[in-house]
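So the structure is just underneath, and the comments pick up after that.
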Amino acid sequence: FIVTPFIIAGLTTDLYTFHLHPIHLHCFPPPQLLFTSDKVIGDNISGVILFHETLYQKADDGTPFVELLKQRGIIPGIKVDKGVVPLMGSEDECTTQGLDDLGARCAQYKKDGCHFAKWRCVLKINVNTPSYQAILENANVLARYASICQANRIVPIVEPEVLPDGPHDLERAQKVTETVLAAVYKALNDHHVYLEGTLLKPNMVTAGQSSPKKYSAQEIAQATVQALQRTVPAAVPGRETYL
């Protein structure tokens, strides 16, 4: 597997709610601290995912953040989803909004120097979830997003995240992850997305955080790699991860 080193510059409500608040982490270093560091940083970081506000910010000397990244050989990207919303008729499941004006936004982001984008969908494991409705809805949302990005010459990072909340075991997490990824790649093919021009940001396959059984790092790694090998087409060039 190819690991593509990306970092995320900024903080979203979803990121805080699902990941940072539970571990009492409340802040990040300011983006300028990273963007003005030694240019050797470009040897280890391929791209930076910016938020709309961060994209148009400048350093203290007036240099746009996008220009600072380019000077360091780092590719600017943009988060384009507008967060999760409840999925009506489901058992506390959700979908992701932001498709309505995505084409116009992608066209502008491309002009402003962004060459890839990220969109995150969230699925929850419970007794009755993720439901077929939620899996299908989120897979099609990701496929429509990817198609719109490619129409605007932007590489889409596809992120179907299966949350680690709950008491489920590792086997259940692996099965759900495989089912979700299979649905996502069927939807991508149905929407004629060019798979060689996409990236996948997968979740690690882990037991639920309140699972009574604990698993070793080797077991988690094996389950994750096996899930990817079973579902991700060979045409997909890399698996994206965060530092």
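Does residue 196 count as out of contact with any His (no Cβ under 8 Å at 6 or more places or on another chain), at negative phi, loosely packed, with under 15 Cβ neighbours inside 10 Å and part of a helix (DSSP H, G or I)?
yes
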Which of the residues spanning region 35-75 are over 22 Å from the mean Cα position of the chain (by Cα) and among the hydroxyl-bearing types (Ser, Thr, Tyr)? 36, 37, 63
Filtered residues of region 179-208 (kept if touching an Asp or Glu at 6+ places or on another chain (Cβ under 7 Å) and either free of Cβ contacts under 8 Å to residues at least 60 places away in the same chain or within 11 Å of residue 162 (Cβ to Cβ) (or both)): 200, 203, 207, 208
What's the total number of residues in region 214-230 that are part of a helix (DSSP H, G or I) and either in contact with a helix residue (DSSP H, G or I) (Cβ under 9 Å, 6 or more places away or on another chain) or surrounded by 15 or more Cβ atoms within 10 Å (Cβ to Cβ) (or both)? 9
Taking region 80-123 and keeping residues surrounded by fewer than 16 Cβ atoms within 10 Å (Cβ to Cβ), among the hydrophobic types (A, V, I, L, M, F, W, C), touching a residue at least 12 places away in the same chain (Cβ under 8 Å) and part of a helix (DSSP H, G or I) leaves 107
Would you pick out the residues in region 52-85 that are among the hydrophobic types (A, V, I, L, M, F, W, C) and closer than 14 Å to residue 115 by Cβ? 55, 66, 69, 74, 75, 78, 80
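Values quoted throughout were computed directly from the atomic coordinates according to the rules given, and no laboratory measurement underlies them. This is a predicted model, so every value here is computed, not measured. For neighbour counting, all protein chains shown are included, and Cβ atoms are generated from backbone atoms with ideal geometry for every residue, glycine included.
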